[in-house]
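One structure is given here, and the rest of the page talks about it.
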Amino acid sequence: MMLGTVRRFGVSHALRATAPRSISARLATQLPKWQAPLTLSSPVATRSLHSSFPRLSEATAQAIVEETEPSQPANITEFADLASGNLIHNTIIKNIIQPDRMNLKTMTEVQALTLNEIVKGDDILAQAKTGTGKTLAFLVPSLQNILNDPTVDVSKVGRRGARTGPSEIRALIISPTRELAEQIAVEARKVAFGTGLLVQTAVGGTQKRAGLAKIQQEGCHLLIGTPGRLKDILSDPWTGVSAPKLNTLILDEADRLLDQGFAPDVEEIQTLLPDPTKVDRQTLMFSATVPREVMQMVRQTLKPGFKHVNTVREDEVPTHHRVPQKLVYTRGLENGLPALLELAQNWQTRRDNGEKLRPFKAIAYFNSTAETKISADAFNALTRTAEFRQSSMGNMRMLEINSRLTQQVRTRSADNFRKAREGILFSSDVTARGMDFPDVTHVVQVGVPRDRETYIHRLGRTGRAGKEGEGWLFMHRAEQDVYRKRLGRLPLKVDTELQTADADLSQTFSNDTQVGKIVNSINQGLAQCDNTTKVKSYMGQLGTTTGNFNSKREAIQALNQMFTVGYNMQTLPELSPKLMQQMGLNRVDGVSMGDGSRQRREGGFSRGGDRGGDRGSRGGFSRGGDRGGFSRGGDRGGERGGFSRGGERGGFSRGGDRGGFSRGGDRDGFSRGGDRGERSGFSRGGDRGSSRPPRRSFEDSFGEDAFRF
């Protein structure tokens, strides 16, 4: 029997309730070798079975926070050494350290500080920045604690006729987004591989029924999910999923859970769990920051005597002061995509000329889902041209993630980008926090983000794991006022090296110049985007652009120019009187007002007559052919402009109904649903996601590139 079993079960509960605790809170100044048992001191804070919701006074809250003392190390910082004391199961250790699996050797600071304490059963509040190994810090000991539970029998898992019921859940992880929940699940399956423990997910979206069916049919020991979906499943008696034996609750990205308004859901989920006065429960909270709201949840959730582990040093330089950041003014909204392509080409040219630079691997963030989509579509169309394939950038992947894609597509795109040596990920804010992508060299933000925090978290996707990175902000000059209000104190330096950023795209360009080649390439890519996508892009950017610009008149002028010059569309989309009134555009010049009938007649967009024939010499290429009147109904898949709309597009699926204006997804424009992490525009929704299919073997499941933690 492992030592952890004695620590966590049986008489240990009674002993913990009366043990005296130290009551100070301090930051360890260096990576500890290993944490020895804490020196006990008076005063005493009792540790008893605890109700989840009583609110404590401020003085009491301060008195119950316990320090992880860095003194008396036991010289264990390597995962392999955990086997010597039977602290962690050998199978788990092999999964972590073997080269053909996760291939991790040394623990990070937050892992070394928390792992032993979690195995002992202590409640933990851990503060650590994203990308410092928080996921493994709670997964490894939590899975070990399930194995230590004498009532858990994994010996029959996988045998014919044997099954683990949907009520065998012993640990629950709550994550703010589908992406994070799926990422944690992938890591959990790697760690638990070969142990017999079953890991399942509960997230919303198109495949949520399939995820529930897996829990019901296969059983579950560790359940990972988003607040909305977990609440739905646990509160519905017809699902058959409950957690009467649950003894571990983990809140990941606690600050983000609160920032996105999930606190009521989290509280309701706790009421659906076993009464903690009858079934002892260990609670772990991991967070990058610990604002007042997080401390309020701590007081409501963690037991007296919990330990506060803080690995964020006061003297540590934050990412937004360490990573070089550049500000590029664009002449118009239509200049953003040419500037992005020029940035990638300039980097590649420097590499071709012998500079020792890493391959260009960038995340391009946009403030609306529709803008994310059209940008990814245009660049994907560009990669299919012979000129691009034959260039030094020919191996670059173009991938897309936003919450209107199915969870399967989003997960595949994230996995492909992690594995990609070079490429661009076109993303909305669903990847801005908590997602770990290795070797990102550039973060490009197109348009001023909604707030300072969003800018910083996006930027945090680069400059990770001790590697260098760059941040770029492409901004229309009319956004200067909102830029100064939101980001004015950040260390951005104006950069003028991107010539396409200030080019007048209403002109015709020759391919004899670099600017001409870039502009013509983007025009060619946008020509392959269907007209409905262009209208949706215009509509999707209405809310963010009118909110960012100095005046609504300037915003409408910029959007109209983007639509007519950048997208080469002749007739503007119609805005209904109701929409114009809601957005305060009634008296703004340049708005095309109507009842929307023309868009409905013409497949959801305004075209103003037949667009057949040669479009002229603009951009230096022909867009000829009959462009008016593609199918208004039925199957939108098939061959359109040389690629399928219903299948694989640059390595990921785009299938499904493409018509109309989607009511779900990211929270741009007037979307009614979607992840709660994306808040631009007038979105009302909550999280919606889906579960990922099961993994069958270690190599087939996880590939060569494990997540970097």
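Here are a few things to note about the model shown:
- For the criterion of being in contact (Cβ under 8 Å) with a residue 12 or more places away in the chain, of a type in the set (D, E, K, R) and not in a loop (DSSP other than H, G, I, E, B), LYS517 fails.
- Breaking point among (1) in a loop (DSSP other than H, G, I, E, B); (2) touching a residue at least 24 places away in the same chain (Cβ under 8 Å), for ALA501: (1)
- Among residues of segment 535-553, those that are surrounded by 18 or more Cβ atoms within 10 Å (Cβ to Cβ) and either at positive phi or not hydroxyl-bearing (Ser, Thr, Tyr) (or both), counted: 10
- Counting only residues that are assigned to a loop (DSSP other than H, G, I, E, B) and farther than 16 Å from GLU371 by Cβ, segment 556-572 holds 4 of them.
- Residue within segment 326-334 that is part of a helix (DSSP H, G or I) and either touching a residue at least 24 places away in the same chain (Cβ under 8 Å) or surrounded by 15 or more Cβ atoms within 10 Å (Cβ to Cβ) (or both) present: yes
- Enumerated helices (runs of 4 or more DSSP H) restricted to segment 392-492, each holding at least 3 residues that are free of Cβ contacts under 8 Å to residues at least 12 places away in the same chain, among the small types (Gly, Ala, Ser) and in the same structural domain as ALA288 (by the TED database): none
- Test: residue in segment 276-287 that is in a helix (DSSP H, G or I) and surrounded by fewer than 24 Cβ atoms within 10 Å (Cβ to Cβ): no
- Residue in segment 474-484 that is hydroxyl-bearing (Ser, Thr, Tyr) and out of contact with any Pro (no Cβ under 8 Å at 6 or more places or on another chain) present: yes
The values are calculated or read from the model by the stated rules, or taken from the named source; none is laboratory data. Everything numeric here is computed off the predicted structure, so don't read it as measured data. Note that each Cβ is placed from the backbone with ideal geometry, even for glycine, and that neighbours are counted across all protein chains shown.
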